[in-house]
1. Any residue in the range A:99-118 that is in contact (Cβ under 8 Å) with a residue 60 or more places away in the chain sitting within a Cβ distance under 8 Å of a residue that is open to solvent by 20 Å² or more (accessible area, probe 1.4 Å)? List the pairs, counting only those 6 or more apart or interchain.
2. Go through (1) open to solvent by less than 10 Å² (accessible area, probe 1.4 Å); (2) in a loop (DSSP other than H, G, I, E, B); (3) more than 14 Å from chain B (Cβ to nearest Cβ) one by one and return the number of the condition A:GLN235 breaks.
3. Only residues that are open to solvent by 10 Å² or more (accessible area, probe 1.4 Å), aliphatic (A, V, I, L, M) and within 14 Å of chain B (Cβ to nearest Cβ): list them for the range A:156-173, please.
4. Has the range B:241-260 got at least one residue that is within 17 Å of B:THR17 (Cα to Cα) and either assigned to a loop (DSSP other than H, G, I, E, B) or more than 14 Å from every other protein chain (Cβ to nearest Cβ) (or both)?
5. Hey, among the residues in the range A:116-144 that are within 21 Å of the chain's Cα centre (by Cα) and small (Gly, Ala, Ser), which one's farthest from the other protein chains (Cβ to nearest Cβ)?
6. In the range A:174-193, which residues are over 22 Å from B:LEU327 (Cα atoms), part of a loop (DSSP other than H, G, I, E, B) and open to solvent by 10 Å² or more (accessible area, probe 1.4 Å)?
7. Could you list all residues from the range B:254-293 that are closer than 17 Å to B:ARG66 by Cβ and open to solvent by less than 40 Å² (accessible area, probe 1.4 Å)?
Amino acid sequence: MKSKIMSKLLMLKSNPCSPMFIRLFSKSPQCMATHFKFQPETAHLDGETAKMNLFQAVNNALDIALAKDPSAVVFGEDVSFGGVFRCTIGLQEKYGKDRVFNTPLCEQGIAGFGIGLATTGATAIAEIQFGDYILPAFDQICNEAAKFRYRSGNLWECGKLTIRSPISAVGHGALYHSQSPEAFFSHCPGLRIVIPRSPIKAKGLLLSSIRTADPVLFFEPKVLYRSAVEEVPVQDYMLPLSKADIVAEGDDVTLVGWGTQVHVLKEVAEMAQEKLGVKCDVIDLVSILPWDKDTVFNSVKKTGRLLIAHEAPLTSGFGAEVAAAVQEACFLSLEAPIQRVCGFDTPFPHVFEPFYIPDKWRCFDAVNKLVRF
Amino acid sequence: MCALSEETVVKMYKVMTQLNSMDRIMYESQRQGRISFYMTNFGEEGTQIGSAAALSSEDLIFGQYREAGTLLWRGFSLDQFMNQCYGNCEDLGKGRQMPVCYGSKGLSFVTISSPLGTQMPQASGAAYAFKRQKNGLCVICYFGEGTSSEGDAHAALNFAATLECPVIFFCRNNGYAISTPSREQYKGDGVAGRGPAYGIHTIRVDGNDVFAIYNATKAARDICVSENKPVLLEAMTYRLGHHSTSDDSTAYRSIDEVRYWDERDSPIARLRYYLVSKGWWDDAKEKVWKEQNEKEVLQASARAEKKLKPNWTELFKDLYHDMPQHLSLARKFW
């Protein structure tokens, strides 16, 4: 026992604030705890609310969409019985088999079928079971859906297509149940990519996505399906698609993230306030494509220090785009090099997940670097 | 033998030969550097016109790239074809795509895209929507035997069968996918052999017999519309021309082979013999029509060539429904 601790201590070369040190000596069992703390928000809307988690909020949005739009159909693998994440529960019973139905197991088929439905003017809401499996649909999404309107001179379009898919780390998902593929698609003009951080955001953003006249990839952080619970307005409401949210305010450092990572960054902001006396702007991008440059630029011009964090690997992750755009627009405002805290440039590992994800310790470490530069 | 009127059959012949003329002149236009690229339909006029004639004008067409005859049948003008090829200011596609990527909302022809087979599951989806809309229409999806190897083809057939979509999958088996002959494309019983495996009504047809194509397409349409089920139709034909202006097929097939098909099984020749035998056509009419045809095509080409290109700002438009800020900024600072 003693030699084990000794060897661990000997391994450590850096200061006690290092993420490795803290992780090795922290007490919570890694397989049970999440790396973030979901803090519910209140909706800025009058009217009745109901306690909903993220999958219930998604389900509610789909229910409303199906109720109000007779052309709307929901389809994908296993959606009939309710879906592997329960997002489509009860919908087939309510709206019938011709409107809520299983497709064969074929992502390229789901995407192509959805595009075809949408070109006739029908509202097509497709589900890809895991974002890790969206790649077979890449051709349909990027070569077809994204370019449909442009290449036809606006004669044809598939704006009524929405493709929903669960993404991101879930604690034990490993290579093929944890991916965040937003960067791949961010490189494809013509798509919209939306990532909600909470049930309230998910319902409003999904309804906007379904109703917007552009094809949308709606990526739902799967770890939030059950763990994120809020009082969600029961009415039909929509939230703006291309606007980032400032979820915490401060003048010293800008923290940018999306999805689950927003909750990590909120905690990092609290840690920074407590341990470093530093106040952070925390920005949820909400939309990856198109992304709200103005909100980020305005914040960085105020703080001069930027951290971008995402689970997806570092190289060519969406943080790279944000960093490049910020250095171009805010160069003279920068007080320190832009920090990116991301998944490592490896596939998403299983038992090593706690080391892989950009958790609060790694992010806090980066904030420290930013303020000490 | 044929229940079609003289008017209809003569129209079929005229459209087939007009397509042929347009192809010859546009191919030459590319060779002369007037347009950048072209694809001809030589040898497949029968499959295109025969099937188009059997459909309702509002049935939705998803094509691959060798279906200009279906558009011509529906009334797409020579000017409209040429405008797209020249990418001029009157191109419906606004100069954004290569030649032969035609599209027409009014004629229910979805704009052509280059990736092969992508149109197939889209056709299944569109047909599903039509079924729900109860509009009495079907969808037809054209594809080559080469494209039938793509994953999207499998997806499309399986989806159409399981979800019961009123779509005709029309395979133009013309013997070649660029240089790859069909014997290197599949080992089984062509494309038709796969249909029953999906649970799809299937027929194989002589693609160069315009009446056989007409009848088969009509029967397929009836199944689609009355039963909401897909049909797979494999039309056996032959690609007389090169794959495109970027191809010289003498590199992989003999001129003798091409001549054999042109002399022994030309859909245009076969229809002309029938017309003549019925007394609906003769050499004099042929001469007049040929001259009129060529003159009209040449004039349309000259008109299209003279028109200006679209405004450069079209580069930035129509990507999204509303132009996003980052694009309008890019356009401003170009």
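The values are calculated or read from the model by the stated rules, or taken from the named source; none is laboratory data. As the structure is a computational prediction, the values presented were derived from the model and not from experiment. Cβ atoms come from the backbone with ideal geometry, glycine included; neighbour counts cover every protein chain shown. Areas reflect the complete protein model, heavy atoms only, side chains present, ligands, DNA and RNA absent. Shrake-Rupley method; radii C 1.70, N 1.55, O 1.52, S 1.80 Å.
1. Short answer, once both residue conditions are applied: A:ALA118/A:GLU157; A:ALA118/A:LYS160.
2. Result: A:GLN235 fails condition (1) only.
3. Once the filter is applied, which keeps residues that are open to solvent by 10 Å² or more (accessible area, probe 1.4 Å), aliphatic (A, V, I, L, M) and within 14 Å of chain B (Cβ to nearest Cβ), the range A:156-173 yields nothing.
4. Within the range B:241-260 (the criterion being within 17 Å of B:THR17 (Cα to Cα) and either assigned to a loop (DSSP other than H, G, I, E, B) or more than 14 Å from every other protein chain (Cβ to nearest Cβ) (or both)), the answer is yes, since at least one residue qualifies.
5. A:GLY131
6. The answer is A:HIS177, A:GLN179, A:SER180.
7. Selection gives B:VAL258, B:SER266, B:PRO267, B:ILE268.
Listed here are the residues, each with its yes/no results for (1) outside the structural domain of A:ALA122 (by TED's automatic domain parsing); (2) under 26 Å from A:ASP69 (Cβ atoms); (3) touching a residue at least 60 places away in the same chain (Cβ under 8 Å).
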residue	(1), (2), (3)
A:PHE185	no, yes, yes
A:GLY190	no, yes, no
A:SER198	no, yes, yes
A:PHE219	no, yes, yes
A:TYR225	no, yes, yes
A:TRP258	yes, no, yes
A:GLU274	yes, no, no
A:ASP281	yes, no, no
A:LEU285	yes, no, yes
